[in-house]
1. Just add up the charged neighbours of Glu125: K/R +1, D/E -1, any other residue whose Cβ is under 15 Å from the Cβ of Glu125.
2. Which far-off residues, 5 or more places away or on another chain, put their amide H under 5 Å from the one on Val98, with H placed in the peptide plane?
3. Helix 103-182 against the longest principal axis of the chain: what's the angle in degrees, Cα atoms only, rounded to the nearest 10?
4. Against the longest alpha carbon principal axis of the chain, how many degrees, from 0 to 90 and to the nearest 10, is the axis of helix 84-93 turned?
5. So what is the relative contact order of the chain, in percent, for Cα pairs below 8 Å that sit 6 or more residues apart?
6. Can you list residues from other chains, or at least 5 along the same chain, whose modelled amide H is less than 5 Å from the amide H of Leu11?
Amino acid sequence: DAAIKTQAGILPIDSKFPMENFQKIYQASSATDKALARTAFIRDVKKHIKDISGKYILPEEGTLDFALMYIPSETIFYEIVNEQELMDLARESRVYPVSPTTLYAHLQTILLSLEGQKIAGKTSEVFTLLRAVQKDYEKLNENFTLLGKHLTNAYNSMNSTSQSMNQIGNKLDSAHQLKSNLLPEEKEE
């Protein structure tokens, strides 16, 4: 038995295999004895699958929502995976049989899948951040456009005021000239 800790939770691995009834299948001298041994073997494997599912798949306690059933014998492993009834129950129970040659491949696949889920989660965070940045940019662009309008209005107002000031200055100069022409020059004594 083993438990592999991952960021997503604990991956339970239980080592179960019904050796006694499996041996009886190949030691049976008659077809009837062989069939009885096979039925007992299937029953034993079903019990192991259900036990693993009930004892070790506990997401509320931090496990992943599936477990691996390690079969240390390749022969027994192939007997199990070639029995459709057992594989259907294993799939429904989320207990996946593995052997010495398939364990590493299963672990790699599981870890890659967990990494993919982690990346997908980070991708979602990145898109959320990008949407927030886009909204901030749009607001900044609105404010910048409004500021540009205010600056344009201020510039136009300054030009208009400057022209008015020049016109008043010109009128004052004209009035001063007119006064100078109409009034005699005062002599200083």
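1. Around Glu125, the surrounding residues sum to +3.
2. Close amide H contacts, sequence-distant or interchain: Met69, Tyr70, Ile71.
3. 0
4. Tilt relative to the chain: about 40 degrees.
5. Normalised by residue count, the contact order of the chain is 16 percent.
6. So Leu11 has HN proximity to Ile4, Lys5, Thr6, Leu64.
Values quoted throughout were computed directly from the atomic coordinates according to the rules given, and no laboratory measurement underlies them. No experiment lies behind these values; they were computed from the predicted model shown. So basically every Cβ, Gly included, is an ideal-geometry build from the backbone, and we count neighbours across all protein chains shown.
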